[in-house]
Amino acid sequence: MTSALIVIDVQNDFCPGGALAVSGGNDIVAGINALMDDFSTVILTQDWHPAGHSSFASSHPGQAPMDLITMPYGPQVLWPDHCVQGTVGAAFHPDLRTDGDLIIRKGYNPAIDSYSAFFENDQTTPTGLEGYLKSRGITRLTLVGLALDFCVNYSAVDAARLGFDVTVRADLTRAIDMNGSRDAALTAMQDAGARIAV
Ligand code: VGL
Ligand code: ZN
């Protein structure tokens, strides 16, 4: 089986000091860099929103960050403005190795958020990552990065549903953890058939 490491959203805005900081987000960078040596294929994802994105609370008068609203494609948590295309916040953590094979950007559609590296949050619009992996004969994926309970979770669940053999290295992730979302994500990923390793 051919394997790939998928490094989810290790960007400044998800690290301490960033707009949507995940506690300890910077602590996983060294371990992820080291793990890259074990994989012949490394793919990085980058949350990449246009200014005024529909997932930003600032785009919805009267709403605050972390409010839950209903979008045409389903429920959506509203976030502080983050990972705006071309900003320092959208850049990878400065210590992260970026010498991977592919960088896949997501969340660029103004009307639809995209947690997963495979599909936008409408769960139908593909990012193209499935085709990239399958056309390269890659069947086994290891996922790391930020945030465990959102983008890692959605990516792992989609990958397992698409038939990939999925391992999440939980020790190389960190969670936002709102209202028990970390535990819920671990359950969702396991239910989908992903393996959780620590
Ligand atoms: C993420 C919330 C909003 C993530 C991205 O990378 O987990 N979370 N955008
Ligand atoms: Zn985002």
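Order of 47, 191, 101 from fewest to most other C-beta atoms within 10 Å?
191, 101, 47
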About the Cα centre, charge dipole magnitude for the chain (Lys/Arg +1, Asp/Glu -1 at Cβ), debye: 340 debye
Out of 70, 167, 142, any idea which swings most in a Gaussian network model of the chain, alpha carbons joined below 10 Å? 70
Among 136, 97, which comes first, then next, by fewest other beta-carbon atoms within 10 Å? 136, 97
Describe numerically, in nm with one decimal, the distance between label points set 7 Å from Cα along Cα→Cβ at residue 179 and at residue 95. 3.4 nm
Inter-probe distance in nm under a simple model that places probes 7 Å from Cα toward Cβ, at residue 85 and residue 59: 1.2 nm
Would you mind computing, in nm to one decimal, how far apart the modelled labels at residue 108 and residue 134 are, each placed 7 Å from Cα along Cα→Cβ? 2.2 nm
How would 22, 42, 198 line up from fewest to most surrounding beta-carbon atoms within 10 angstrom? 198, 42, 22
By its C-alpha gyration tensor, with a ≥ b ≥ c as the square roots of the eigenvalues, how is region 1-131 shaped: rounded for a/c under 1.5, else prolate for a/b larger than b/c, else oblate? oblate
Among 131, 156, 103, the residue whose Cα sits farthest towards the positive end of the charge dipole of the chain (+1 at Cβ of Lys and Arg, -1 at Cβ of Asp and Glu, taken about the Cα centre) is 131
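Taken together, the values in this text are just the output of simple stated rules run on the coordinates, not laboratory data. Computed from a predicted structure; not experimentally measured. Virtual Cβ from ideal backbone geometry, glycine too; neighbours counted across all protein chains shown.
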